[in-house]
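Let me begin by presenting the structure, written as structure tokens, before commenting on it.
Read-outs: derived from the displayed coordinates by stated rules, not from any lab. Keep in mind that what you see is a predicted model, and the values were worked out from it rather than measured. When we count neighbours, we look across all protein chains shown, and the Cβ atoms used for this are built from the backbone with ideal geometry, even at glycine.
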Amino acid sequence: MAETNPAQGTKFSREIDLRWSDQDANGHVNNARAITLVEEARVRAALHWTGTVPNGARPRVVRSLNVDFFRPINYGPELWAHVWISRIGSTSYTVHHELHQEGKPCVIAETAIVQLNPDTQKPEPLDDHMRHALAAALITERP
């Protein structure tokens, strides 16, 4: 599901399924697993925005990942991911992710993604298709 803000862009929102095995000994979703859920949301958002997922032909890799944990994610209540683009550069872009339960943020993460040349493995400029797709999801002010 996507939510459109005409002045800002489109935020991707989707319910994320949890597995019983996502929990740790503390009875909530393990923090490392929460990062995997952030990644899952980002890949699904990328597919929604661009029609493709990262692959070897146009590799996109994580340069940095910053994560803040606000409250535990529990098995049972619905978990929603909200994802949008917060910055577009020449060879990279930043993805903003929020995982919410019961309307409250549990995890907020920012991931810088760099597009690489498949032959040199060095950063290369984002092509027009990617830039256009990212611009449609660009939200510079937090919704």
Can you give me the Cα centroid spacing of region 11-37 and region 90-143 in angstrom? 21 Å
All alpha-carbon distances of region 2-136, grouped into 5 Å bins from 0, give the whole-percent distribution 2, 10, 20, 22, 18, 13, 9, 5, 2, 0
Tell me, what is the percent relative contact order of the chain, built from C-alpha pairs under 8 Å that lie six or more residues apart? 29 percent
List HIS132, HIS82, HIS48 from most exposed to least, where exposure is judged by having the fewest other Cβ atoms within 10 Å. HIS132, HIS48, HIS82
Can you sort SER21, SER92 by how many other beta carbons sit within 10 Å, fewest first? SER21, SER92
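Just tell me the longest site-free run in the chain, where the sites are GluC sites (Glu not before Pro) in a DSSP loop having at most 15 other beta-carbon atoms within 10 Å.
After excluding every exposed loop site, the longest remaining stretch is 1-77.
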Largest-first principal axis extents of the Cα set of region 26-75 (Å): 41, 21, 16
What net charge is computed for the residues neighbouring ILE73, neighbours being all others with C-beta under 9 Å from the C-beta of ILE73, Lys and Arg scored +1, Asp and Glu -1? +1
Can you give the FRET efficiency for PHE69 and GLU15, using 1/(1 + (r/R0)^6), R0 = 30 Å, r = Cβ-Cβ distance, to the nearest 0.05? 0.90
Residues TYR93, TYR75, sorted so that the one with the fewest Cβ neighbours within 10 Å comes first: TYR75, TYR93
Region 1-121, dipole about Cα centre (Lys/Arg Cβ +1, Asp/Glu Cβ -1), debye to the nearest 20: 320 debye
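For the chain, what does the helix formula give at 222 nm: sum of -39500 (n - 2.57) over DSSP H segments with n ≥ 4, over the residue count, nearest 500 deg cm²/dmol?
Working: 2 runs with 29 residues, N = 143.
It lands at -6500 deg cm²/dmol.
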